[in-house]
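First comes the structure, then the notes that go with it.
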């Protein structure tokens, strides 16, 4: 089974890679990275473990690799 990450760990990696907090609506936080192209990532807030499918979606949205999160 793949390693599951917490919301806090994912947010830390996103911010380290240039993503900036934009807003929060309910339990979802929006981060954006400006440049070409502008990337927007939605992360569930306050979760101890993000499901692997959600994690892969975050990786795809951010254009980062799974190795960046390790």
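Being in a helix (DSSP H, G or I) and in contact (Cβ under 8 Å) with a residue 12 or more places away in the chain narrows it down to one of 29, 59, 43, 13, so name that one. Write out each step before concluding.
On the way: 29 fails: in a helix (DSSP H, G or I); 59 fails: in contact (Cβ under 8 Å) with a residue 12 or more places away in the chain; 43 fails: in a helix (DSSP H, G or I).
Sole residue among the options that is in a helix (DSSP H, G or I) and in contact (Cβ under 8 Å) with a residue 12 or more places away in the chain: 13.
Here are the criteria: (1) loosely packed, with under 12 Cβ neighbours inside 10 Å; (2) in contact with a strand residue (DSSP E or B) (Cβ under 9 Å, 6 or more places away or on another chain); (3) free of Cβ contacts under 8 Å to residues at least 12 places away in the same chain. Tell me which single one residue 21 does not satisfy.
Among (1) loosely packed, with under 12 Cβ neighbours inside 10 Å; (2) in contact with a strand residue (DSSP E or B) (Cβ under 9 Å, 6 or more places away or on another chain); (3) free of Cβ contacts under 8 Å to residues at least 12 places away in the same chain, residue 21 violates only (1).
In this structure, does residue 31 turn out to be surrounded by 12 or more Cβ atoms within 10 Å (Cβ to Cβ), more than 9 Å from the chain's Cα centre (by Cα) and modelled with pLDDT of 90 or more? Give the derivation first.
Details: surrounded by 12 or more Cβ atoms within 10 Å (Cβ to Cβ): yes; more than 9 Å from the chain's Cα centre (by Cα): no; modelled with pLDDT of 90 or more: yes.
For residue 31, the condition - surrounded by 12 or more Cβ atoms within 10 Å (Cβ to Cβ), more than 9 Å from the chain's Cα centre (by Cα) and modelled with pLDDT of 90 or more - is not met.
Looking at (1) modelled with pLDDT of 90 or more; (2) surrounded by 12 or more Cβ atoms within 10 Å (Cβ to Cβ); (3) out of contact with any strand residue (DSSP E or B) (no Cβ under 7 Å at 6 or more places or on another chain), which is the only condition residue 47 fails?
(1)
Given the conditions (1) within 11 Å of the chain's Cα centre (by Cα); (2) not in a strand (DSSP E or B), which single one is not true for residue 53?
(1)
The values are calculated or read from the model by the stated rules, or taken from the named source; none is laboratory data. What you are looking at is a predicted structure, and each value in this text was computed from that prediction instead of being measured. Quick reminder, even Gly has a Cβ in these numbers, built from the backbone with ideal geometry, and neighbours come from all protein chains shown.
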